[in-house]
1. Compute the acute angle (0 to 90°) between the alpha-carbon long axis of helix A:54-67 and the principal axis of greatest extent of the alpha-carbon atoms of chain A; round to the nearest 10°.
2. Of B:416, B:116, A:290, B:375, how do they rank once you tally other Cβ atoms within 10 Å and put the fewest first?
3. Using all C-alpha to C-alpha distances in chain A, build P(r) with 10 Å bins and read off the rounded percent in each one.
4. So if I take the alpha carbon set of the range A:34-97, get Rg, then get Rh from the Kirkwood formula, what is the Rg over Rh ratio?
5. Pick out which of B:344, B:368, B:268 has the largest mean-square fluctuation in a Gaussian network model of chain B, springs linking Cα atoms closer than 10 Å.
6. What is the distance in Å between the Cα centroid of the range A:193-266 and that of the range B:261-327?
7. Would you calculate, for the protein assembly as shown, the mean residue ellipticity at 222 nm contributed by helices, counting each DSSP H stretch of 4 or more residues as -39,500 (n - 2.57) and dividing by all residues, to the nearest 500?
8. Which of the three applies to the range B:51-169, rounded, prolate or oblate, going by the alpha-carbon gyration tensor with a ≥ b ≥ c and a/c under 1.5 meaning rounded?
């Protein structure tokens, strides 16, 4: 039984309740003893939560945008950094009894997924006073009216129904039989105080700061959601390996369920950002600025920063206490040598695809 | 109404009745007298009411009278008893709010000791005349507290330092006073059919006091926190000069900055108060959730900001290691309250060490719901406001079956302090936001 409804018309307006509504499920999803969101139809096919109207709504908004002659943003998958350690390296470590880096990585993923819930607390700007052209019947108009809330509930769970945080934990616990969690997980996630009391540097000081922050957060989340594709590929491959996983089928299936839930997140975020890019914005002093300049400028600077810094940071963190971990293996030097031989250097592509357009020199 | 401290007690270097104050017999009697008075003001009216069949009135006036008696005793005796009062003033989960509010005055009502006494301690501890170590030593203290006072000084090489000096004869007084208080608590628990569990609390205060009396431990704590932020994250922990420090004298780098709650001064220095709050939160969140070791006394007097934006954290006397898994357990509790997940709340409370006598976990949900009702949205939004912490402690106190981990109380108090500072600067102290996870 399908959990989404195909609407004959292109309905563009939805209530909060609509966007949070799920279809009926024949079987609930229970993972690691925790009732999670979504469920299975009579044929045992997994269905995502809160997509009864949300999915067709996003498709309708996308069609409307394209019908007006605008394009949907596309972020190249070439920009996606590989997960570290790689699948082969992770399997090698686990096969040799060194499970800590993989358990840590899975726990970090679960915590970061949970933090996705903060999107519901994003301060909403007064869109009517900033966006020049009408935006009634768009994803942009529904952000605070259900899209952010549905996203938050998908990631962190709601009430006694677990979300992606709990599903990643369940996948980890199934595969590695409730392993001990390294106590440095939160240290790895947190940054230190970096602001030094100085006002935040703004990319577009001429526009409303709350609006700029919202576009920044949405761009950041969109990039993370897109790059999560690599995390899913990695997670499924590692957890499905019967040599190292106690429950290869269940654990990798759990990651597959999360992956299918993420699609609406990517789609609503890129739709809303594309809608901003297709419009003009009023600056604080009453001038007009192209929305494209703000959205593309934000994505460009974030993609540059994320593709250049994060893979290196992740690699450095994993390798930080590797020497100590290798000693847990029977033959540390052989393990180290094999691990190093599996290194796959990666360099970010030179262009993000959102470079600022230089004025015509001719 | 909160009574002010007697005028004489505010006079620095009064040296009032110092001889009597040091007399152990007198100190024991003073504690006993206060204990008997408090017992009497609670018990006699209740017996009278029972005899005459009258209803029980609000106990708030009695709590206030008892608290004033304890405060007067502490201010008269000085030393360790002040520490006990300060300990009580941090435990809103155990004592009525009226008592806690009145005993908070102990934080500000500590008179300085005479310079001659301070000088004698420094010379005895360092084994040299004062002027052999310091080219200059300010006779007026920068600050005075229950166990020590701090003087500004200059080393012979020109470095400006802050010298923390423990009051003389303190260890013996601590033993006498804590023994007297322990006897008073035992007598109270013997006679009262439903006593507040004071002895575990006293044990905790005794442990904390013992830690604070050894300044070498404070130096180690400062080093530990400096190590946590060793990657140049904008946190200043004053350097301790070990060669001029002992268990009773601590010679530290003198650090100066803008008091963190001085909004106008921060703005005049070109700082963004919102960013200062965010940085401050990140410092404490990192210590508590990630490093498992924290400075547990972030009142505004212990926090300053440099014009560069670096945050200075001083006074590591009360610093604590948290048990393994505490940070993750606390994160799970906050997270479950954010997502209204009640089964996860119960799991998190249990993992943090909360216990009920009969294993009934519904009490945990009652506590969580009371905290969350203080939020506009009915769910935890990331900030431990003072109201929320107050509600938490009220709920715990009203459900006496609950065993509360001390670490949780200390951490709750830290976030309550930080929330107060954030609100003074016109912002919110959002714990989850400060965790800075990359979504």
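1. 50
2. Ranking B:416, B:116, A:290, B:375 by Cβ neighbours within 10 Å, fewest first, gives B:116, A:290, B:375, B:416.
3. Going from the shortest bin to the longest, the percentages are 5, 22, 30, 24, 14, 4, 1.
4. Looking at the range A:34-97, the ratio lands at 1.19.
5. B:268
6. Here the answer is 29 Å between Cα centres.
7. One gets -16000 deg cm²/dmol as the mean residue ellipticity at 222 nm.
8. It is prolate, given that a/c is not under 1.5 and a/b is the larger ratio.
Each value in this text was obtained by applying a stated rule to the coordinates, not by laboratory testing. Everything numeric in this text was worked out from a predicted model, so none of it was measured. Here Cβ is always computed from backbone atoms with ideal geometry, including for glycine, and neighbour counts include all displayed protein chains.
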